[in-house]
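The next block holds one structure in the form of structure tokens; read it before the comments.
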Amino acid sequence: MSKPSFAIVGCGTLGTALGRLLFQAGYPVAGVASRSLSSAERVARELETDAYGTSPWEITKNASLVFLTTPDDAVEGVCRKIAENGGFAKGAVVLHSSGALSSAILESARKAGAFAGSMHPMQSFAGARPGVNLFSGILVTVEGDPEALAAGRMVAADLGAFHARVNAEAKALYHAAAVTASNYLVTLLSMAFSLNEAAGIDAEQSLRGLLPLIHGTLANIESKGIPAALTGPIARGDVATVERHLSEMAARLPALVPLYKRLGAHTVPLAKAKGGLTEEAAEKLMELFKD
Ligand SMILES: NC(=O)c1ccc[n+]([C@@H]2O[C@H](COP(=O)([O-])OP(=O)(O)OC[C@H]3O[C@@H](n4cnc5c(N)ncnc54)[C@H](OP(=O)(O)O)[C@@H]3O)[C@@H](O)[C@H]2O)c1
């Protein structure tokens, strides 16, 4: 079956990676548009097309599949602008890739005779490189009109991802899960780096030291699941060790204490669920983790 032609609107991190992969998968390129001509031109060059610009409707009108990969806040307005300028072909599929927003924000495309949906890849595309397919093996969630669902599923499968349907109303929670697992991991590691730095361990050593620990933890989660993968002083009930962490942090890095305590308070129930933490130790730990 021949592949539908596609347009990318928003040539940033995801738009660039998606365009590149669709091109490699044999999808015909209708063109690319972005806010700045330089971004559109950069991606157009990669996709070997002369159809690029800053007026997306001039590009999208020739596409069967339109990806709106602008920042979340711009998607609805960009879609409306394209619709107002007659930029959606009848029966075209319009997909945005926001994790938190549903296809309801593409109402203007529906009114213009297109089908609307969202297709969110659960992946962090920062630093996507040519030759590396960051869609391979990942989860892509889809929701929207049946035609848009079918297109989203086809794209996901062609790029090597697996797909699942997500409820439009549940997207914010689903996206909060992705933010917790990916973005907050960065925040947590930044905290770990600060603690190491205060202990005289520089950033390079810190990274080299922490990475095997992180990979080991991930492997344990993969093989044993949560909460069995939990190790460390809370799982063991080493109250005095946690006390030492808190008093040293209060003296040297007090700004980190509230987050450490909050995470600790959420870790105690996991340690109890894993088994091995006595009720007495759990109570003492919860007392330490009080605000
Ligand atoms: N990055 C990820 O890992 C990831 C993962 C899953 C989903 N997503 C979703 O993908 C979408 C894009 O995210 P991103 O991280 O790729 O953002 P990004 O790197 O900031 O790229 C967004 C691009 O949109 C362009 N843009 C901004 N306003 C525009 C407008 N009014 N009209 C046309 N183009 C406009 C920008 O253009 P110029 O460069 O031309 O100024 C920028 O290059 C978001 O909905 C996000 O939730 C991202």
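Listing for the model above:
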item: Extension gain, Leu263 back to Thr13 (0.36 nm per residue minus Cα-Cα distance, nm); result: 86.9 nm
item: Solvent exposure ordering (accessible area, 1.4 Å, most first) of Ile201, Ile8; result: Ile201, Ile8
item: Solvent-accessible surface (1.4 angstrom probe) belonging to Asp72, in square angstrom, nearest 10; result: 60 Å²
item: Given charges at beta-carbon only (K, R positive; D, E negative), |dipole| of region 1-72 in Debye; result: 80 debye
item: For the chain: accessible area per residue (Å², 1.4 Å); result: 53 Å²
item: Residues in region 14-31 that a label on Ser2 would reach, taking backbone N under 11 Å of a point 7 Å out along Cα→Cβ; result: 28
item: Cα centroid of region 25-99 to Cα centroid of region 204-282, whole Å; result: 46 Å
item: Among Val166, Leu207, Ala235 the positive-end extreme of the charge dipole of the chain (Cβ point charges); result: Val166
item: Heavy-atom accessible surface of the chain: percent carbon and sulfur, 1.4 Å; result: 56 percent
item: Selected from Gly31, Gly15, Leu253, residue furthest toward positive end of dipole (the chain; charges at beta carbon); result: Gly31
item: Largest to smallest accessible area among Ser190, Ser206 [probe 1.4 Å]; result: Ser190, Ser206
item: For Ser194, solvent-accessible area (1.4 Å; no DNA, RNA or ligand), Å²; result: 40 Å²
item: Estimated FRET transfer efficiency when R0 is 25 angstrom, pair Gln205-Ala228 (beta carbons, to 0.05); result: 0.25
item: Test item: Cα-centred dipole of region 71-202, Lys/Arg +1 and Asp/Glu -1 on Cβ, debye; result: 380 debye
item: Trypsin sites (Lys or Arg not before Pro) restricted to DSSP loop in region 196-291 with at most 13 other C-beta within 10 Å; result: Lys290
item: Hydrodynamic radius (Kirkwood) for the chain, which is based on Cα pairs only, to one decimal in Å; result: 21.6 Å
item: Among the listed pairs Lys81/Lys171; Lys171/Lys274; Lys111/Lys171; Lys3/Lys61, those beyond 28 Å (Cα-Cα); result: Lys171/Lys274
item: Point-charge dipole on Cβ atoms (K/R +1, D/E -1) for the chain, about Cα centre, debye to 20; result: 320 debye
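The values are calculated or read from the model by the stated rules, or taken from the named source; none is laboratory data. Keep in mind it's a predicted model, so treat the numbers as computed, not measured. FYI the Cβ positions are ideal-geometry reconstructions off the backbone, even for glycines, and counts take in every protein chain you see. The area values use the complete protein model at the heavy-atom level, side chains included, leaving out ligands, DNA and RNA. Shrake-Rupley method; radii C 1.70, N 1.55, O 1.52, S 1.80 Å.
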